[in-house]
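No lab work stands behind these numbers, since they all come straight from the coordinates. Quick caveat, the model's predicted, so the values are computed rather than measured. Methodologically, a virtual Cβ is constructed for each residue, glycine included, from the backbone with ideal geometry; neighbour enumeration extends over all protein chains shown.
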Amino acid sequence: MITRRASIQSLAALGGGALLGSTHGALAMSDEPSGWYMPDESEPHQRTWMAFGASRKVWGRDLLPEVRRNLATIALSIARYEPVSMLVRQADMPQARQLMGDKVDLVVCPHDDLWVRDTGPVFVVTKAGEKAGVDFNFNGWGEKQDFDLDAKVAAFVTQRAGVRRIETDLVLEGGGIEVDGQGTAIITESCVLNQNRNPDVSKAECERELKRLLGLEKILWLPGVKGKDITDGHTDFYARFARPGVVIAGYDPDPKSFDHAVTKRHLDILRAATDAKGRKLEVIVLEAPTKVRERYANDEFAAGYINFYVCNGAVIAPEFGDPRTDTAAKRELQKVFPGREVVQINIDGIAAGGGGIHCTTQQEPKVVLKKTQIAN
C-alpha cells in the first residue's frame, strides 16, 4: 500500500506546458575529488530545516489545515531533540506562531511547497571541519509542479546557514539520495537517470559527478519506477541506511499495487549487494500497512514506514492506524536504533498528499572535529 503523490498541481493544469529536462545543457564535470562528503543522517545534526509551505493552491481548502498541523507536529517532535528552522511565508507567520510558538525558529522565506528534502540543499562536510550545501537545481520533479520559488530555496538556506553553496549541472532531489557516510549510496534510476531531470546524461557520467560531490565510492542503483508518482520513485520511500552495512527496506505486500513487484526487486538487489567497504548488507524489511484511517485515505496516500527521519536522540516515524504493522515498524526501528527514542506520529494529511516525514525535513550536519584535528 505504498502509494505516493501524483502531480498535485501540474504546470499543464495551470495552463503552461512542461518543458522537460535540465536547462543546464551538457553536464560539466571534474575528475578531481572535492574533499566533500555527505554524512549519514544518524551523525550529529546542527539543526533540521523544514518549510511551512503548504498552500491552498496546491493542497486544497479541505486538506490544508491538517497538513499544517502535521508540519507543526513534526517540527515540535524534532525540536525536543535538536533545533528546527522552519521557512515560512510572511503571510503565514501568524498561523505558524500559533501552532509552534517559540519552540521552532521561524524564518521568513518565499517558497512554493513544503518538500524541503527536495528543494533545500544537500549538506556536505570535509574532514577539516568545513561545511557546504549542494544545490541540485530543483525543477519541480521534472517540471510537474510550479517551482519558481522552490528553485531558490537551496541558495537561501545555504546563505542562512552561513555556508558555501556548491553548484552542479545535475538536476535531482535530496529524497533520491541515501548514504551511509562511508562511501556508499543507494539511488533510484527512475528519478536521477530520467530525461525530465538529466537528459542525455549517462549512468557513468552521473556516478562520477555524484561521487565527486558527495564523497562516494560506490552507488547501489535501484530501478525505482517512473511516472507513478510525482517524484518518479524517490529512494527514501524504498530503502534507508540505519548505519553502515545495515539497510531498512520497504515491502508492499499488496499484489495489486505497482510497488509490489518493485519492492520485491529492490529487496533482491539489496540482499545480493555489498557496500563500498565490501560488507554484505544486512537488510531489515518493514512491511507497509494493509489499512489506514479512512478520513484522509485516497489513491495517493503514502502508507509506508521507510520515510522516517533520524535526528539527535530520536527517530521520528509515522503510524497509520494499522496495529500490526505500526507495532512491527516501531519494534524494528527500536532494534536498529537502540540509542534513540522511536517517536511515532500521525501525519495523515501529509500522507494524503503522497509524502512523509523525511520528505519534509533536511538535516544540517554538525561538524565534529576529532581530537587530533583540534590539537593541530
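With each pseudo-label sitting 7 Å past Cα toward Cβ, what's the Arg324-Gln98 distance in nm, one decimal?
Output for this residue pair reads 4.1 nm.
Where the Cα atoms of region 168-254 are projected onto their three principal axes, how long is each span, largest first, in whole Å?
35, 32, 17
Note down the relative contact order for region 249-305 as a percent, whole number, built from C-alpha pairs under 8 angstrom at least six residues apart. Walk me through the numbers on the way to the answer.
Values: 55 pairs, mean separation 21.0, N = 57.
37 percent.
Which distance in nm do the two modelled labels at Ser257 and Ser202 give, with both placed 7 Å along the Cα-to-Cβ direction?
Taking the simple label geometry, Ser257 and Ser202 are separated by 3.7 nm.
With a cut-off of at most 16 other beta carbons within 10 Å, and DSSP calling the residue loop, which GluC sites (Glu not before Pro) in region 232-333 qualify? Please list them.
Numbers: sites: Glu282, Glu287, Glu294, Glu300, Glu319, Glu332; in loops: Glu294, Glu300, Glu319.
Sites meeting the loop and neighbour criteria: Glu294.
In square nanometres, what is one fourth of the surface area of the convex hull spanned by the alpha carbons of region 39-139?
Details: hull surface 28.8 nm².
The number I arrive at for region 39-139 is 7.2 nm².
Working out 0.36 nm times the residue gap between Glu43 and Arg160, then minus their Cα-Cα distance, what length gain in nm do you get to one decimal? Spell out each step's value before the answer.
On the way: separation 117, 0.36 × 117 = 42.12 nm, distance 2.13 nm.
40.0 nm is the gain from fully extending Glu43 to Arg160.
Run through the DSSP bridge list for the chain and note the antiparallel percent, rounded to the nearest 5. Let's see the in-between values first.
Details: 21 of 49 bridges.
So the antiparallel bridges in the chain amount to around 45 percent.
Could you compute the FRET efficiency for Glu341 and Thr290, with r as their C-beta to C-beta distance and R0 at 35 Å, rounded to 0.05? Can you show the working numbers first?
Numbers: r = 27 Å, r/R0 = 0.76.
Computed FRET efficiency for Glu341 and Thr290: 0.85.
Could you compute the net charge surrounding Tyr238? Neighbours are other residues with a C-beta less than 9 Å from the C-beta of Tyr238; K and R count +1, D and E count -1. Please report the intermediate quantities before stating the final value.
Numbers: positive: Arg240; negative: Glu178, Asp236, Asp259.
Every neighbour counted, the sum reads -2.
Normalized C-alpha radius of gyration of region 299-365, against 2.2 N^0.38 Å? If you can, show how the numbers build up before the last one.
Numbers: Rg = 11.8 Å, N = 67, 2.2 N^0.38 = 10.9 Å.
Compared with the compact-globule rule of thumb, region 299-365 sits at 1.08.
Are there trypsin sites (Lys or Arg not before Pro) in region 282-320 that DSSP marks as loop and that have at most 12 other Cβ atoms within 10 Å, and which are they? Don't skip to the answer; put the middle values down first.
Numbers: sites: Lys291, Arg293, Arg295; in loops: Lys291, Arg293, Arg295.
Passing both the DSSP loop test and the Cβ count: Arg295.
Take the Cα pairs of the chain, get the Kirkwood Rh, then feed it into Stokes-Einstein at 4 °C and 1.567 mPa s and tell me D in µm²/s. Don't skip to the answer; put the middle values down first.
Details: Rh = 20.6 Å.
The diffusion coefficient I find is 63 µm²/s.
Sorted from largest to smallest, which semi-axis lengths in Å does the alpha carbon gyration tensor of region 225-316 give for its equivalent ellipsoid, taking the root of 5 times each eigenvalue? Display every interim value, and only then the final one.
On the way: eigenvalues 118, 58, 27 Å².
Those come to 24, 17, 12 Å.
Which value, in debye to the nearest 20, gives the size of the charge dipole of the chain about its Cα centre, when Lys and Arg are +1 and Asp and Glu are -1 at the Cβ?
Values: 48 positive and 51 negative charges, 180 e Å.
Charge dipole of the chain: 860 debye, to the nearest 20.
Throw me the Rg/Rh for region 64-122, computed over C-alpha atoms with Kirkwood Rh, two decimals.
Details: Rg = 11.0 Å, Rh = 11.8 Å.
Taking Rg over the Kirkwood Rh, I get 0.93.
Translational diffusion coefficient, Stokes-Einstein: compute it for region 193-236 using the Kirkwood radius over C-alpha pairs as Rh, at 10 °C and 1.306 mPa s, and state it as an integer in µm² s⁻¹. If you can, show how the numbers build up before the last one.
Details: Rh = 11.6 Å.
Estimated diffusion coefficient is 136 µm²/s.
Please rank Ser202, Ser77, Ser34, fewest neighbouring Cβ atoms within 10 Å first, as an exposure proxy. Provide the component values of the computation, followed by the final result.
On the way: Ser202 11, Ser77 19, Ser34 16.
Ordered by Cβ neighbours within 10 Å, fewest first: Ser202, Ser34, Ser77.
Which number comes out as Rg/Rh for region 205-271 once both Rg and the Kirkwood Rh are worked out on C-alpha atoms? Let's see the in-between values first.
On the way: Rg = 13.3 Å, Rh = 13.3 Å.
A ratio of 1.00.
Given H placed on each backbone N at 1.01 Å, which residues far from Gly181 in sequence or on other chains put an amide H within less than 5 Å of it?
Result for Gly181 returns Asp40.
With 10 angstrom as the radius, rank Cys109, Cys311 by how many other C-beta atoms surround their C-beta, starting from the fewest.
Values: Cys109 20, Cys311 24.
With the fewest neighbours first, Cys109, Cys311 line up as Cys109, Cys311.
Dimensions of region 143-204 along principal axes (Cα, Å, largest first)?
34, 33, 17
With Cβ to Cβ distances under 14 Å as the rule, what net charge do the other residues near Pro223 carry (K, R +1; D, E -1)? Walk me through the numbers on the way to the answer.
Working: positive: Lys203, Lys226, Lys228, Lys264, Arg265; negative: Glu189, Asp232, Asp259, Asp268.
Net of charged neighbours comes to +1.
What percent do you get for the relative contact order of the chain when only Cα pairs under 8 Å and 6+ apart count?
25 percent
In the neighborhood of Met50, defined by Cβ-to-Cβ distances under 11 Å, what is the net charge if each Lys or Arg adds +1 and each Asp or Glu adds -1? Please list the in-between numbers first.
Working: positive: Arg47, Arg117; negative: Asp105.
Charge balance near Met50 sits at +1.
Using only alpha carbon pairs under 8 Å that are at least six residues apart, calculate the relative contact order of region 221-375 and give it in whole percent.
On the way: 233 pairs, mean separation 29.9, N = 155.
So the answer I get is 19 percent.
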